[in-house]
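What follows draws every value from the coordinates through simple rules; no lab data is involved. No experiment lies behind these values; they were computed from the predicted model shown. All Cβ positions, even for glycine, are placed from backbone atoms using ideal geometry, and neighbour counts span all protein chains on display.
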Amino acid sequence: MRDNIVADPARAADYVNAAAGTVDRRIFWDPAIYQQELRTVFYRSWLFVAHESQIENAGQFVTTYMGEDAVIVARGDDAAINVFLNSCPHRGNRVCFADSGHSRSFVCNYHGWAFGLDGDLKKMPKLGLYKATPGFRMEDWGLRRARVATYKGLVFATFDETAPSLDAWLGDFRWYLDAVLDVEDGGSEFLPGGATRSVINCNWKFPADNFVGDIYHALWTHLGGSEPTLGRHGGVIVENTGSYHISVNGHGWETNDSFLGNAATMGDRELLRYMRSRQAAITARLGKFRADMWGAVASATVFPNFSFLPGYFTFRTFQPKGPTRTEIHAWTLVPRAMPDDIKDRFRRGSMRTFSPSGILEMDDGENWEHSTRANAGYVTRHQTLCYAMAPGGRIDSADLPGIVHQGQLSDANQRLFYRRWAEMMDAASWDDISLAPVTRAEAAE
Amino acid sequence: MSTAPEKPDYSTYPRIDRAAARAAAAQLLGLSGDGPPAPDAVWRDIERFYAREARLLDAERHDEWYALLADDLFYWMPLTENRFRRDRRPTLSPEHMALFDDSKADIAVRIGRLTSNMVWTEDPPTRHVYCIGNVEAFATPIADEFEVHSTFAQYRNRSDHDEAVLFGRRRDILRRSDRGYLIARRMIVLPQAVLLTKNLTAFF
């Protein structure tokens, strides 16, 4: 009945049945689908590449990935943030091998071609050798640049010249993002020390789908991890009253109105005392609904692979490394105005819960690995997965932009995530990709 | 009155403050192995201590391992980044994100997770083999504390094909007490900048 042993469908939409709540397992395994994702999803999307606080001064840089494309993110002398391929156009070698640092230029190890903070080719040894080459121009051989845009400290980039603006791409999701990015004057920052990085042998969509809407797993997966910190307080409690699934353009956020629900599992009373002391001010700034999201039982994914957890404030990318391999790059984000002692408590709190040694994250990886690995089986791969949970109806409220469903124990956001995925996979161009109307032109008051 | 066992209140467990943690990190970062060697008898006792410690961890005898930790423990696995040699920023810093940055109370929480019987990803259990080598012990200005450097290989295997191998270096301050040796400070440095395994469900 649920076997789906048919020739691979021509359209990605045929792998996803949002109405019935099913997703074909082949999309977590098939190498051809993965290659198509790099072309249609990762190439077209605005992808998170850095936080501005990592590259505050001219010459500062970090290296990261957009899809499987290695890129350098550098602050130029004109204060602009530049993003360009980390691969020399001469013979293709990687140009920069450091994760972060400060530099005036990036010099390829192979033949010494040197590139500026804007990616332009500045010089190479024995430039005169090219003098006799008809039409050779230095400006034709810079590092391929991406478009760059920021939202409240978060730096995004895309190589697609036809993509709409970042503001249109995020749309009204910006209004919700302010619940973690704009809680205090002065904006936010990443805590120092670089990204915490680890490898999970899973398809990148499983963690992205987990963060876009799946609090359901916490009730079972994280029983052991939450026992020591929450056990005295009755374990993991999640209800569908006072909780929501919010989706805009495939980005999704599941949350309740607990204000401190996630934060409490770090088991640090000083942190909770501090957060409570800020509740009235944040409520005055953002209104009650968004203030309650700050530290709530919640998770979110900015489509396709940038996710975060309110309360712990771990922000992470799920970098695709093949159809069955994903690298997690994670940072902790805090308001700049937060006292140093509290920032340090978040550094330790997010590490102890959501890092490779975290008492909660350690429960997750194996689930995603085996959800992926099982698809090696031919019959297994030709099954559909169940995304049918729909306990609460859609809420139409002028106060809450986007597609909002009642109840955070739900698959609503996941269905919208995969619908978006299929839409981008099948689109011939950006003309075929929908964007929700922006109703909050100025996301923050 | 309820007969259910009282759940531990970890806020009452031993914890050092941030100033003490920073001082401990500074001490560990400064351990260069240049001091006077510890007496051979001490060195032999420490080798024996490490072999037992590894065996307790391999056998998931967590409570007995926990008893080897001093109450003022600082247990630290800093993050490693790929940096240019010319980069003047400190490579390892207690202000940076870390993989472990723990007091004894935090270790108790981790053991509380493992012994909850609800960690499904450790059931069936992972099998561990923990090898300690290159042990060097040095005297410190405090008579009963020793600076110890060692290397380790930690092999984990679970399920059918799932394995993880981690190599690293440790720097310890071991304290001789009437309960035997205690781990007062430990710094664990993994050479991997990207952790090539999905988690660190283990102690080092």
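Counting, for every residue in B:121-129, the Cβ atoms of other protein chains within 10 Å of its Cβ and taking the mean gives 2. Rounded to 0.05, the FRET efficiency of the B:ARG127 and A:THR380 pair, given R0 = 30 Å and the Cβ-Cβ distance, is 0.65.
If you take all other residues with their beta carbon under 10 Å from the beta carbon of A:ARG336, and give Lys and Arg +1 and Asp and Glu -1, the sum is -2.
Here region A:69-109 is scanned for amide nitrogen atoms under 16 Å from the site 7 Å beyond the Cα of A:PHE136 along Cα-to-Cβ, giving A:89-92. Derived scalar couplings between HN and Hα for region B:142-154 equal 9, 4, 9, 10, 10, 8, 10, 10, 8, 10, 9, 10, 10 Hz in order, rounded to whole Hz, by the Karplus curve 6.51 cos²θ - 1.76 cosθ + 1.60 (θ = phi - 60°), x for Gly and Pro. Applying the Karplus relation 6.51 cos²θ - 1.76 cosθ + 1.60 with θ = phi - 60° to region A:72-78 yields 3J(HN,Hα) values of 10, 10, 10, 8, x, 5, 8 Hz, where x marks Gly and Pro.
Counting only Cβ charges, +1 for Lys and Arg and -1 for Asp and Glu, the dipole size of region B:1-153 around its Cα centre is about 560 debye. Within the straight-line cut-off of under 12 Å between alpha carbons, the aspartates and glutamates reachable from A:LYS123 are A:GLU139, sequence neighbours fewer than 8 places apart in one chain being disregarded. The simple spin-label model puts a point 7 Å past each Cα toward its Cβ; for B:ARG89 and A:ARG91 those points are separated by 3.1 nm. With K and R counted +1 and D and E -1, the other residues having a Cβ less than 10 Å from that of A:LEU38 yield a net charge of -2. What you get for chain A, charging only the Cβ of Lys and Arg (+1) and of Asp and Glu (-1), is a dipole of about 1040 debye around the Cα centre. Taking a Cβ cut-off of under 10 Å around A:GLN319, the surrounding Lys, Arg, Asp and Glu residues balance to a net charge of +2, with basic ones at +1 and acidic ones at -1.
Sites counted here are trypsin sites (Lys or Arg not before Pro) in a DSSP loop (not H, G, I, E or B) having no more than 11 other Cβ atoms within 10 Å; the longest part of chain B that contains none of them is B:89-178. What the phi angles of region A:274-291 give under the Karplus curve with 6.51, -1.76 and 1.60, with θ = phi - 60°, is a coupling list of 5, 4, 4, 5, 9, 4, 5, 5, 5, 5, 5, 6, 10, x, 5, 4, 6, 4 Hz, glycine and proline written as x. Separation of the alpha carbons by more than 25 angstrom is noted, of A:LYS205/B:LYS104; A:LYS152/B:LYS198; A:LYS152/A:LYS288; A:LYS152/A:LYS321; A:LYS321/A:LYS343; A:LYS343/B:LYS7, for A:LYS205/B:LYS104; A:LYS152/B:LYS198; A:LYS152/A:LYS321; A:LYS321/A:LYS343; A:LYS343/B:LYS7. Remark: A:TYR244, A:TYR65, A:TYR130 ranked as A:TYR130, A:TYR65, A:TYR244, counting other beta-carbon atoms within 10 Å and listing the fewest first. Spacing of the modelled spin labels on A:ARG147 and A:ASP185, each 7 Å from Cα toward Cβ, amounts to 3.5 nm. Cysteines of the protein assembly as shown lacking any other cysteine Cβ under 4.7 Å from their own Cβ: A:CYS96, A:CYS202, A:CYS386, B:CYS131. Placing a pseudo-label 7 Å from each Cα along the Cα-to-Cβ vector at B:ASP160 and B:GLU60 gives an inter-label distance of 2.2 nm. Under 5 Å between amide hydrogens, built in the peptide plane, is the criterion, and for A:VAL297 it picks out A:ASN256, A:SER258, A:PHE259, A:GLY261, A:ASN262 among residues at least 5 positions away or on other chains. Distances between placed amide hydrogens fall under 5 Å for B:ASP101 paired with B:MET77, all partners being 5 or more residues away or on another chain.
The ranking of A:LEU154, A:LEU38 by Cβ neighbour count inside 10 Å, starting from the fewest, reads A:LEU38, A:LEU154. The slack between A:ARG440 and A:SER397, meaning 0.36 nm per residue of separation minus the straight C-alpha distance, is 14.1 nm. Between the Cα long axis of helix A:340-353 and the first principal axis of chain A there is an angle of about 80°, rounded to the nearest 10. FRET efficiency for the A:ASP432 to A:ASN57 pair, using the beta carbon distance and R₀ = 35 Å, is estimated at 0.25.
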